[in-house]
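Here is the structure we will look at.
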Amino acid sequence: MKLLNFNNVSAASPRNRGRKRLYLATFGCQMNEYDSQRIAQILHEKYALTSKPDNADLILVNTCSIREKAENKVYSLVGRLKKFKKQKPDLIIGIAGCVAQQEGDRLLKRLPFIDLVFGPQCIYGLPDMLKDVEKGMGAVLHTELKHDFLIPLITAPLSEPNPVQAFVTIMQGCDNFCTFCVVPYVRGREVSRPPEDILAEISQILDKGVKEVTLLGQNVNSYGKKVDTCPDFPGLLHMVAEIPGLERLRFTTSHPKDISLDLIKCFRDLDTLCEHLHLPVQSGSTTVLKRMNRHYTRDQYLATVENLKSLCPNITLTTDLIVGFPGETDRDFEDTISLLKTVKFDQIFAFKYSPRPLTRAAGFDNHVPEEIKAERLEAVLELQKEIGFMRYKSLEGREEEILVEGLSKKNQEELRGRTRGNHVVNFSGPQELIGKFVTVKIIKACYHSLRGKILIP
Ligand code: 5AD
Ligand code: SF4
């Protein structure tokens with residue numbers, strides 16, 4: 001869970017006087033983080049963010065339903081919030097995001113103390129929804145999902161005082177219907193934002209001091225495909241890369257079936273585009289990929305990886321994997337193991353298959369027993385630990401450009417930043433460097449991060 005709050009602006013500061021307090025908890029992916037950012041912007045005039053739920057006037061939980069575990073975390077947090085309502089009866093509690101969209105009215109029945117339930121497309125109506133709640137007319141529910149929904153441009157300030165990096169959504173929804181995935185049902189059909197809105201939003205946040213922008217979408221590679229007036233995704237990358245003041249550009253998430261040669265060339269040709277691609281493979285078995293409705297084979301995935309490595313030898317590759325998909329045999333699983341050994345990702349995000357409402361795979365035969373899923377998950381994580389460490393070890397001795405993002409998570413005396421290849425580096429240095437670029441020599445590889453020493457501040 002992530003909390004959006006002003007770390008260095010107290011709720012009592014002059015800036016916040018007269019504003020109510022909003023506790024905003026976010027689960028799930030970067031799309032949700034972006035939506036939460038926007039919620040804070042939309043409510044900015046009336047609400048200042050707080051990290052303390054006990055002094056909040058409004059509590060919003062932005063939820064994720066990608067796996068059952070994510071959904072359960074939401075119920076457990078929301079259950080714990082009930083006591084604040086008892087202490088402060090005019091406290092408003094709302095549930096946003098994918099669980100809100102998926103469960104709708106059922107949430108209000110299950111958690112009757114909730115005032116507000118709204119889906120990802122409905123965040124822009126939040127001020128009106130809050131007015132309705134304040135009128136005391138009972139719980140408010142908004143889960144409309146339009147197929148032609150356009151993300152509006154917002155001019156309200158960003159909630160963080162000195163942002164270093166920011167997300168910009170370039171498209172909403174997904175048309176792919178991978179058989180395991182609930183996203184198309186909770187986020188609707190794919191809609192690309194007009195390029196002029198994207199460019200305007202990026203210019204706006206660069207003016208606030210942002211150095212690194214990550215373009216977001218469930219499947220960014222199909223950007224613009226349904227609209228004649230939109231460029232394709234490589235075309236958009238070229239346009240964005242030219243915006244003055246942008247130092248680093250990233251994007252996520254990509255679908256392997258849509259990675260074109262033009263896109264691969266962007267990694268070679270665009271100076272601002274960082275050498276990192278998150279390319280979810282999901283399985284190393286062509287048979288399983290087919291049942292997942294992924295539209296690529298193991299060999300096609302490996303060919304894309306070869307192309308990427310040959311045009312951009314420094315590229316960092318990361319992936320998502322599902323183990324224990326219905327019908328996955330030992331042989332299929334071995335294919336996943338061998339794919340990991342062949343590609344050698346820097347990092348993987350591996351998950352046990354979790355049946356999701358509305359999805360086709362939930363109704364497939366031959367569900368894999370939990371204990372086998374757990375064994376397989378342990379095996380891939382164990383293997384990846386070694387592979388990832390070898391990859392990180394290979395960076396020892398290199399000099400890397402780091403964007404300093406903040407204080408180190410484990411040791412608040414140190415700084416934390418990221419390489420262009422998206423590796424986290426911790427190192428000693430003064431706090432004034434936050435938001436700046438430094439050159440660091442990598443002195444030690446750890447399992448999920450690197451230790452560095454500043455060469456040029
Ligand atoms: N079960 C397990 N993992 C899933 N993912 C998506 N749906 C499921 C599911 N039903 C994983 C995929 C995706 C990542 C965001 O979450 O690997 O890429
Ligand atoms: Fe889900 Fe597949 Fe769409 Fe990704 S591409 S959001 S996994 S349906």
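Taken together, the values in this text are just the output of simple stated rules run on the coordinates, not laboratory data. Predicted model only: the values in this text are computed from it and were never measured. Quick reminder, even Gly has a Cβ in these numbers, built from the backbone with ideal geometry, and neighbours come from all protein chains shown.
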Whose amide H sits under 5 Å from the amide H of Phe167, counting only residues 5 or more places off or on another chain, with H placed in the peptide plane? Thr214
Grab the Cα-Cα distance for Glu432 and Lys309, subtract it from 0.36 nm times how many residues apart they are, and report the gain in nm with one decimal. 40.6 nm
In the chain, taking the dipole from +1 charges on Lys and Arg beta carbons and -1 charges on Asp and Glu beta carbons about the Cα centre, the listed residue (Cys446, Gln165, Gly324) farthest towards the positive end is Cys446
Quick one: Leu279, Leu246, fewest Cβ neighbours within 10 Å first, how do they rank? Leu246, Leu279
Would you mind listing how long the chain runs along its three principal axes, going by Cα atoms, in whole Å with the largest first? 61, 58, 47
If the only charges are +1 at each Lys and Arg Cβ and -1 at each Asp and Glu Cβ, what is the size of the charge dipole of the chain around the Cα centre, to the nearest 20 debye? 1320
Let's test the formula: R0 of 51 Å, r as the Cβ-Cβ distance of Asp90 and Ile243. What FRET efficiency results, to the nearest 0.05? 0.70
Leu383 to Asp197: extension gain in nm, 0.36 nm per residue of separation minus the Cα-Cα distance? 62.6 nm
With a Förster radius of 56 Å, plug the Cβ-Cβ distance of Thr439 and Glu375 into 1/(1 + (r/R0)^6) and report the FRET value to the nearest 0.05. 0.80
I'd like the FRET efficiency for Asn293 and Lys146, computed as 1/(1 + (r/R0)^6) with the beta carbon distance as r and R0 of 22 Å, rounded to 0.05. 0.35
Going residue by residue through the stretch 132-140, the Karplus relation 6.51 cos²θ - 1.76 cosθ + 1.60 with θ = phi - 60° gives ³J(HN,Hα) values, rounded to whole Hz and with x marking Gly or Pro, of 4, 5, 4, 5, x, 8, x, 5, 10
The chain - percent relative contact order, Cα under 8 Å, separation 6 or more: 9
Can you compute the modelled spin-label distance between Asp175 and Lys109, with each label point 7 Å from Cα toward Cβ, in nm? 3.5
Let me check the size of the stretch 161-274 from its C-alpha atoms; what are the radius of gyration and Dmax in Å? 14.1, 42
Share of antiparallel DSSP beta bridges in the stretch 2-142, in percent to the nearest 5? 15
Please list the non-local residues whose amide H lies under 5 Å from the amide H of Lys444, H modeled 1.01 Å from N, same-chain partners needing a gap of 5 or more. Arg451
Between their Cα atoms, which of Lys341/Lys393; Lys82/Lys352; Lys86/Lys135 are more than 22 Å away from each other? Lys82/Lys352
Sorted by chain and number, the residues with a modelled amide H under 5 Å from that of Lys352, at a separation of 5 or more or across chains, are Val323
All other residues with a Cβ under 12 Å from the Cβ of Cys274 taken together, and with Lys, Arg as +1 and Asp, Glu as -1, what is their net charge? -1
Exposure proxy ranking, count of Cβ atoms within 10 Å, fewest first, for Glu328, Glu401, Glu371: Glu371, Glu401, Glu328
Quick check on the chain: of the DSSP beta bridges with both residues there, what percent are antiparallel, nearest 5%? 35
Which residue, Leu237, Val380, Gly104, has the largest displacement toward the positive end of the dipole of the chain when charges sit on each Cβ (Lys, Arg +1; Asp, Glu -1)? Gly104
Sorted by Cβ neighbour density within 10 Å, fewest at the top, the residues Met31, Met239: Met239, Met31
So what J values fall out for the stretch 211-225 if you push phi through Karplus, 6.51 cos²θ - 1.76 cosθ + 1.60 with θ = phi - 60°, rounded to Hz, Gly and Pro as x? 9, 10, 10, 10, 7, 10, x, 5, 8, 4, 5, 9, 3, x, 4
Taking 0.36 nm per residue of separation and subtracting the Cα-Cα distance, what length does fully extending Glu414 through Arg331 add? 25.3 nm
Applied in sequence order to the stretch 413-422, the curve 6.51 cos²θ - 1.76 cosθ + 1.60 (Karplus, θ = phi - 60°) yields integer Hz couplings, x standing for Gly and Pro, of 7, 10, 9, 10, x, 10, 6, 4, x, 6
Please go through the residue pairs Lys226/Lys257; Lys146/Lys226; Lys265/Lys441 and name each one whose alpha carbons sit more than 22 Å apart in this structure. Lys265/Lys441
Quick one: if you stick a label point 7 Å off each Cα along the C-beta vector at Ala362 and Asp269, how many nm between them? 4.4
Charge tally in the Cβ shell below 13 Å around Glu399, where Lys, Arg are +1 and Asp, Glu are -1, Glu399 excluded: +1
